[in-house]
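> Before I ask anything, here is the structure I am working with.
The values are calculated or read from the model by the stated rules, or taken from the named source; none is laboratory data. These numbers come from a predicted model, not from an experiment. Please note: Cβ atoms are built from the backbone with ideal geometry, for glycine as well, and neighbour counts cover all protein chains shown. Accessible surface is based on the protein model in full, side chains and every heavy atom, while ligands, DNA and RNA are left aside. Shrake-Rupley method; radii C 1.70, N 1.55, O 1.52, S 1.80 Å.
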Amino acid sequence: PLVKELIPLLKDSLPVIRRAVVQTLTNFKGDAAPAAPALVAALKDADFTVRQLAGQALKEIGAPAVEPLIELLNDKDVANRSLAITKIDALGLRTKEAGKALGKTLNDVNPTVRLAALVALSRFDTDDVDVFAFLGVGLGDKEKQVRLTAAAILTEKGPGSVEILVKTSEDANSVTRLLALQTLGTLSDYIDEKGVLALRKAMGDDDVKIRQTALSGLASLGPRARTLGGDKELFQAL
């Protein structure tokens, strides 16, 4: 019952009072869940110690902190949106709702926010299909650094990335197709029949760079390209 009494004091004019309140809420651990929205607001406090302690309190609260942090992702201030992503990541709040919210953030107007969202998503469960779909969206970002980061993450995730890369290799944007095929080529140890077929199909692309990338990807497979892509069909395409 004390939690509800303490929440208003998080707006006290004296930093020492705000610090004491946040520290007390931290000690309440999961019982401080009703204070989660107020603690998220305290992440923007003018006092560094209050901000630091608020982060610790949210970590102790756990899952109930997800919803107010997701709301912060919609804040008008880019710094607050970045802060929400950083905290979701740092606190290990990798729930389904958090993943979807971060996925939507890949449409943010600010490239720094989009980049932070990608990095946070990279630490989610590697078997989550939605996460791979979001990383695929990153391949089509208008900012080069965001695109390259998405490609690096997909390469690191290995075999689970093949399906989304095959899908993205047919994107209407030639830059996105090129990056998808380049990334697919780095996964030669894990590539399957669908991956080889995507590379074979790309050999007929209108863009010369894409055709070259497809050929390089097939070459890196060696004899496995014939095994997975078919002798006759592959040589006809060549």
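> Scan the range 106-123 residue by residue and report those that are under 11 Å from the mean Cα position of the chain (by Cα) and either at pLDDT 95 or above or of a type outside the set (Ser, Thr, Tyr) (or both).
Leu106, Val113, Arg114, Leu115, Ala116, Ala117, Leu118, Val119, Ala120, Leu121, Arg123
> Which of the helices (runs of 4 or more DSSP H) contained wholly in the range 130-196 include at least 1 residues that are small (Gly, Ala, Ser) and under 14 Å from the mean Cα position of the chain (by Cα)?
Where helices (runs of 4 or more DSSP H) fall fully within the range 130-196 and carry at least 1 residues being small (Gly, Ala, Ser) and under 14 Å from the mean Cα position of the chain (by Cα), they are 144-157.
> Of the numbered conditions (1) under 24 Å from Ala117 (Cβ atoms); (2) acidic (Asp, Glu); (3) buried (at least 17 other Cβ atoms within 10 Å of the Cβ), Glu156 satisfies every one except a single condition; which is it?
(3)
> Oh, and also: Got a sec? Which of Val119, Val162 is open to solvent by 10 Å² or more (accessible area, probe 1.4 Å) and of a type in the set (A, V, I, L, M)?
Result: Val119 is the single residue among Val119, Val162 that is open to solvent by 10 Å² or more (accessible area, probe 1.4 Å) and of a type in the set (A, V, I, L, M).
> Further question: In the range 18-59, which residues are within 20 Å of Glu71 (Cα to Cα) and of a type in the set (Lys, Arg)?
Those that are within 20 Å of Glu71 (Cα to Cα) and of a type in the set (Lys, Arg): Lys44, Arg51, Lys59.
> A follow-up question, please. Just a yes or no: is a residue in the range 97-112 surrounded by 21 or more Cβ atoms within 10 Å (Cβ to Cβ) and of a type in the set (S, T, N, Q)?
There is at least one residue in the range 97-112 that is surrounded by 21 or more Cβ atoms within 10 Å (Cβ to Cβ) and of a type in the set (S, T, N, Q).
> Taking the range 114-138, which residues are in contact with a Lys or Arg (Cβ under 8 Å, 6 or more places away or on another chain), over 20 Å from Thr176 (Cα atoms) and of a type in the set (A, V, I, L, M, F, W, C)?
Listed by number, the list holds a single entry, Phe124.
> Filter the range 213-238 down to residues that are in a helix (DSSP H, G or I) and more than 19 Å from Thr155 (Cβ to Cβ), then give me how many there are. Walk me through how you get there before you give the answer.
Our first condition is that a residue be in a helix (DSSP H, G or I); within the range 213-238, this holds for 213-221, 224-229, 231-237.
This time we only want the ones that are more than 19 Å from Thr155 (Cβ to Cβ), so: 215, 225-229, 231-237.
Residues meeting the conditions: 13.
> Could you pull out the residue among Asp125, Asp207 that is surrounded by fewer than 19 Cβ atoms within 10 Å (Cβ to Cβ) and in contact with a helix residue (DSSP H, G or I) (Cβ under 6 Å, 6 or more places away or on another chain)?
Asp207
> Could you give me the residue pairs with C-beta distances under 9 Å whose first residue belongs to the range 161-180 and is farther than 19 Å from Asp192 by Cβ, whose second residue is of a type in the set (Ser, Thr, Tyr) and surrounded by fewer than 16 Cβ atoms within 10 Å (Cβ to Cβ) wherever it lies, and which are 6+ apart or on separate chains?
Matching pairs, first to second residue: none at all.
> Kindly provide the set of residues from the range 182-227 that are closer than 11 Å to Val162 by Cβ and basic (Lys, Arg), ordered by number.
Scanning the range 182-227 gives a single hit, Lys194.
> Sticking with this structure for a sec: Can you tell me which of (1) part of a loop (DSSP other than H, G, I, E, B); (2) touching a residue at least 12 places away in the same chain (Cβ under 8 Å); (3) over 25 Å from Gly217 (Cβ atoms); (4) not hydrophobic (A, V, I, L, M, F, W, C) is the one Asn74 doesn't meet?
(2)
> Test of understanding: among Lys201, Lys194, Lys209, which residue is more than 30 Å from Ala120 (Cα to Cα), modelled with pLDDT under 95 and not hydroxyl-bearing (Ser, Thr, Tyr)? Reasoning before the result, please.
Values: Lys194 fails: more than 30 Å from Ala120 (Cα to Cα); Lys209 fails: modelled with pLDDT under 95.
After applying the criteria, what remains is Lys201.
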